[in-house]
Amino acid sequence: MPHSQFLHRAAGQPATPAAASAGSPVQTLLARLDGVRRSGRGWMARCPAHADRSASLSVAEGADGRVLLHCFACCELSDVLAAIGLQVGDLFPRRLGHSIGHGGDPVLRAAAAERARQARIGAALAALASEATIVEIAAHEISAGRALSAEDTARVALAAERIAEAHNVLWPARRGFAELVRGITGREAA
């Protein structure tokens, strides 16, 4: 199985390679590729690991700054990187403590913690929206007089658990919601 697979879908990509942070891993990678063009939330380029006549290398930047790439001709990640003189570590942003000296700068650490908090909030809100749709569909089926299958019932229970998890991210001081979910579903909310 190729190691060059997307780790997850990323959101909020820079509009162009130049819009990526100066010196960022994605900018470093894109500068070494040929035939780079914008595609959706990322870029497509000719893969340097094989004789690529059309763009088969997908490049994106994760929300945490890591580079996500995939060759649709199934080239190994190590082959792609070796062809342009990079290593796997070059696909990740430097950690704050390493890039600014021993221990790191408290202001930069606080800024990174705030970005992480905002990312958790965004993920919780996305989960709420998605899982609320599941609950809405189930409610519609029940109000129309149709019974839910065992599979659908299990999915609604999972939606309730995920809503409880999102609730705990958004309102950490109000953890009582998990007990409510446990009472409804009979299962522990994470």
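The values are calculated or read from the model by the stated rules, or taken from the named source; none is laboratory data. Values in this document were obtained by computation on a predicted structure and should not be read as measured data.
Numbers at a glance
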{"item": "Hits in segment 123-172 (condition: under 30 Å from Ala63 (Cα atoms) and part of a loop (DSSP other than H, G, I, E, B))", "result": "Trp171, Pro172"}
{"item": "Every residue from segment 127-176 that is hydrophobic (A, V, I, L, M, F, W, C) and under 27 Å from Glu114 (Cα atoms)", "result": "Ala127, Leu128, Ala129, Ala132, Ile163, Ala164, Ala166, Val169, Leu170, Trp171, Ala173"}
{"item": "Hey, Ala173 assigned by TED's automatic domain parsing to the domain that holds Ser130 and at pLDDT 80 or above or not", "result": "no"}
